[in-house]
Amino acid sequence: MTTVSEVPPGTGESPTDATTRQQRQEPLLRVEGLSVSYGRRATARRREGSTRVLSGVDLAVRPGEIVGIIGETGSGKTTLARAVVGLKRPDAGRIAFDGRDLTRLAGRGLRAFRRSGQLQYMFQDPLRSLDPESTVRQTVAEPLAVAGTLTRDEREERVTEALTLVGLDAGELGARTPGLISGGQRQRVALARALVTRPRLLLTDEPVSALDASNRNLVLSLLDRLRRELGLAVVVISHDLGSLAGIADRVAVLYRGRLVEQGRTADVLERPRHPYTALLTASAPSVRREPRLLPALLRVPASREPWPEDEGCVFAPRCRFAAPECRDEPAATVVDEPDPSGTDTDTGTATGTERATVACHRAADWRAELG
Amino acid sequence: MSRPPETAAPARTASAAHGPVPPVLSVDGLHVTVGGPERVEAVREVSLTIGPGEAVGLVGESGSGKSLTCRSVLGVLPPGCAVADGSIVLDGDEPAELTALTPKEWESVRGRRLGAVFQDPASYLNPSLTVGRQLSEQLRVGRGLSRTAAHSRAVDLFAAVGLHGPGAIYHRYPHELSGGMLQRVLIAIAIACEPELLIADEATTALDVVVQAEILELLQRLRSEQGLALLLVTHDLAVVARSCDRILVMYAGEIVEEGPTADVLAAPAHPYTEALLRVASTAEAGTGALETIPGGAPETGAELPGCRFAERCPYADAECLAGPVATRLVEPGRRARCVRPAGQPSGRRQDAGAAASAENPSAENPSAENPSAENPSAENPSAENPSAENPSAGNVSGADATAGTGATTAGTPEPEPEGSRV
Ligand code: SF4
Ligand code: SF4
């Protein structure tokens with residue numbers, strides 16, 4: 001771990017220090033009641049013409065914490081990231097970064113915040129988004145040119161630092177173009193580019209979906225180290241439960257723009273409270289051999305009357321347990337979590353201070369129907 | 001319905017190649033070359049059989065040769081690639097040697113006796129025709145049905161692959177359907193002529209997990225209802241774990257392990273399979289260090305003196321590099337291309353935890369042909385000084401070109417009888 005402790009922001013903190021500090025600290029990012037629409041902007045009088053892609057999303061991320069956001073295509077997970085980094089204006093809600101409401105920033109304030117590079121977004125599929133003509137060093141330096149405050153020498157130093165952080169040899173690879181390095185290396189170049197401004201929060205959209213299993217684990221353990229050693233707060237957006245199980249402290253499950261469940265990773269994945277989460281975890285391919293729920297038990301029988309679209313719970317059309325009460329949209333409710341001090345020994349990093357929530361009328365009793 | 005592998009016993013007996021039931025497909029000693037004039041071997045000495053109704057998983061990372069193998073079977077190799085040696089026999093009522101077919105003869109095999117689905121269903125459909133029309137076309141040409149008979153059969157098939165409202169689906173255009181629905185349409189087209197074998201090449205890779213599980217279940221159902229044999233080609237060990245009777249693991253152009261799925265996952269006989277399994281399980285379990293496989297795969301077609309996994313193998317020793325490694329019978333129905341006897345490893349140089357900290361910069365092989373996902377190198381940034389642990393690195397190139405040219409017995413404790421090599 002020598003490479004990392006040379007770097008200023010994290011100054012030699014042990015993981016245990018990081019954990020206690022993380023529990024003490026206020027969230028770095030706090031998203032409250034976030035709603036986003038695409039299409040024609042909703043006005044007081046007219047809502048038609050716009051599509052609600054996110055509705056009432058709450059999320060908190062502390063320094064040194066990794067929060068996973070699970071969702072399939074169309075769940076709004078990418079929109080959530082774009083809203084947080086200011087690429088998409090929300091209709092409603094608050095996005096507080098270190099106590100400051102980003103949705104209220106405009107003009108000079110917004111530009112200054114962006115230039116500071118405290119919040120970085122690693123786009124989906126960076127393998128393809130790297131400029132084929134630029135060298136690795138030029139690519140990594142790009143965000144610094146935007147900030148424009150450093151001297152040439154300082155910039156070069158930062159680039160070397162960022163490349164070292166992700167385990168790439170700046171001397172060996174710095175002058176190469178993306179075509180001359182491997183896929184796993186390119187993914188790390190993209191990560192170095194996001195780290196070069198020394199951000200405090202990193203949002204990554206499907207950071208490992210294009211990689212094979214070995215390189216996936218490599219990039220994930222890199223993120224894990226960065227949060228432990230630099231106190232970096234990380235949001236990992238993924239459709240793949242497997243890539244979150246290994247590193248995320250908490251996960252939030254998005255379904256059609258609603259946050260249907262969130263809680264500590266082990267709790268959510270091992271004993272989901274929302275029927276959709278249960279379907280997701282049951283469907284995920286696995287090499288583990290223990291028995292588990294069959295996804296077929298969680299699907300709607302073909303004989304059931306189709307649930308009217310856009311009525312009540314967003315998951316009702318696909319929910320086996322939908323009942324009359326589900327015609328009213330369920331709100332996210334806080335559920336009791338097991339005592340973190342007793343059960344946390346396996347991860348050692350779960351915060352324990354964040355409440356678990358689930359948005360389902362039948363969270364307490366749907367399992368009984370499985371017999 | 002998904003079925004645990006244990007329930008598939010009949011198919012497993014059929015897989016024994018010399019059993020009473022002839023296999024649906026037998027590939028024997030297949031070699032595929034790529035790269036035009038300076039041809040190199042991307043697939044070496046691949047042999048496999050698939051019994052009637054059996055589901056076989058072919059697993060490997062990109063560049064391992066799994067897709068070239070399956071495309072050889074389908075007779076759709078990309079330009080510059082060619083079958084250099086070996087035979088591919090489709091058995092059944094009319095046994096056919098596929099490597100010898102003329103383009104005209106292929107028409108009565110591909111889409112009729114062999115069905116296939118791929119990763120990107122949209123690109124295999126005509127965007128300007130309704131999906132029903134495209135399926136009907138297949139039924140009229142392939143099975144000689146009349147227009148009305150084809151229409152009603154098409155609606156039945158759409159229902160059989162689990163599309164809701166098949167009558168309405170018939171009139172939809174590809175862009176109106178989701179990826180999962182399109183994959184079902186492709187499966188309907190692939191099974192329209194009741195093929196003996198369905199090949200699914202990364203067919204669920206691009207789908208969301210819930211849909212992926214549905215498609216895998218559909219394939220299992222078609223298999224049990226129609227006796228369809230399945231070849232599932234994928235990079236993801238987890239995908240085949242619950243849906244295949246047997247798995248074949250490919251690495252750097254060769255099949256390195258073969259056996260019943262449950263047995264292979266319980267106790268892999270080849271170090272590469274072992275590493276793959278460890279990498280997959282540490283991520284899933286969410287406990288302990290995330291494992292990686294140090295180093296990268298050799299460049300496509302690289303000629304190496306010995307075992308092609310040696311550079312990344314924690315057990316490699318002089319014997320592994322002495323000459324080409326042939327396959328070894330591990331137990332009946334199980335084979336591995338490794339000199340190491342199954343069971344307790346001796347002289348293991350890296351324990352499980354240390355495997356994640358081996359840096360091997362010399363193993364980086366960005367391939368000029370397909371740099372994107374090829375040969376991803378997996379050196380660990382925090383490595384201390386692992387080079388001492390990997391003496392094989394650096395002295396495995398520039399070897400003579402005898403690797404993979406047959407059932408050589410060099411370094412093999414138990415030579416395989418002719419014709420039953422992996
Ligand atoms: S609220 Fe009703 S429909 Fe929605 S997930 Fe819960 S049980 Fe299913
Ligand atoms: S033959 Fe040797 S190097 Fe190759 S996999 Fe077996 S033990 Fe490892």
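The values are calculated or read from the model by the stated rules, or taken from the named source; none is laboratory data. The model shown is predicted, which means the values in this text are computed figures rather than measured ones. Cβ placement follows ideal geometry from the backbone for every residue including glycine, while neighbour counts extend to all protein chains displayed.
Would the range B:72-86 turn up any residue that is in a loop (DSSP other than H, G, I, E, B) and crowded, with 20+ Cβ neighbours inside 10 Å? No, there is no match, as no residue in the range B:72-86 is in a loop (DSSP other than H, G, I, E, B) and crowded, with 20+ Cβ neighbours inside 10 Å.
Here's the yes/no breakdown for (1) touching a strand residue (DSSP E or B) at 6+ places or on another chain (Cβ under 9 Å); (2) more than 16 Å from ligand 1 (Cβ to nearest atom); (3) over 27 Å from residue A:182 (Cβ atoms):
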position: B:232; (1), (2), (3): yes, yes, no
position: B:242; (1), (2), (3): no, yes, yes
position: B:268; (1), (2), (3): yes, yes, no
position: B:306; (1), (2), (3): no, yes, no
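Here residue B:256 clears all of (1) within 10 Å of ligand 2 (Cβ to nearest atom); (2) surrounded by fewer than 24 Cβ atoms within 10 Å (Cβ to Cβ); (3) of a type outside the set (S, T, N, Q) except the condition numbered (2). Output the residue which, of all residues in the range B:300-321 that are more than 10 Å from ligand 2 (Cβ to nearest atom) and away from every other protein chain (no Cβ under 14 Å), is farthest from residue B:62 (Cα to Cα). Only one residue fits best here, namely B:305. Residue B:212 meets each of the listed conditions (1) part of a loop (DSSP other than H, G, I, E, B); (2) surrounded by fewer than 24 Cβ atoms within 10 Å (Cβ to Cβ); (3) within 14 Å of chain A (Cβ to nearest Cβ) apart from (1). Checking the structure you have, find out if any residue of the range A:310-321 is basic (Lys, Arg), surrounded by 15 or more Cβ atoms within 10 Å (Cβ to Cβ) and more than 11 Å from ligand 1 (Cβ to nearest atom). No, because not a single residue in the range A:310-321 is basic (Lys, Arg), surrounded by 15 or more Cβ atoms within 10 Å (Cβ to Cβ) and more than 11 Å from ligand 1 (Cβ to nearest atom). Within the range B:244-273, the set of residues being in a helix (DSSP H, G or I) and within 12 Å of chain A (Cβ to nearest Cβ) comprises B:261, B:262, B:263, B:264, B:265, B:266, B:272, B:273. Among the conditions (1) more than 23 Å from residue A:123 (Cβ to Cβ); (2) among the polar types (S, T, N, Q); (3) at the interface with chain B (Cβ under 9 Å from one of its Cβ atoms), the only one that residue A:262 does not satisfy is (3). Residue-level check: of (1) buried (at least 20 other Cβ atoms within 10 Å of the Cβ); (2) within 22 Å of the chain's Cα centre (by Cα), residue B:169 misses just (2).
Of all residues in the range B:310-334, those satisfying the criterion of being among the aliphatic types (A, V, I, L, M) and over 22 Å from residue B:267 (Cα atoms) are B:318, B:321, B:322. Is the range A:277-289 home to any residue that is away from ligand 1 (no atom under 15 Å from the Cβ), modelled with pLDDT of 90 or more and under 25 Å from residue B:211 (Cβ atoms)? Yes, that holds for at least one residue.
Any chance the range A:224-232 includes a residue that's more than 7 Å from chain B (Cβ to nearest Cβ), in a loop (DSSP other than H, G, I, E, B) and under 18 Å from the mean Cα position of the chain (by Cα)? Scanning the range A:224-232 turns up at least one residue that is more than 7 Å from chain B (Cβ to nearest Cβ), in a loop (DSSP other than H, G, I, E, B) and under 18 Å from the mean Cα position of the chain (by Cα). Number of residues in the range B:271-299 that are touching a Leu at 6+ places or on another chain (Cβ under 7 Å) and either within 9 Å of ligand 2 (Cβ to nearest atom) or over 30 Å from residue A:268 (Cα atoms) (or both): the value is 1.
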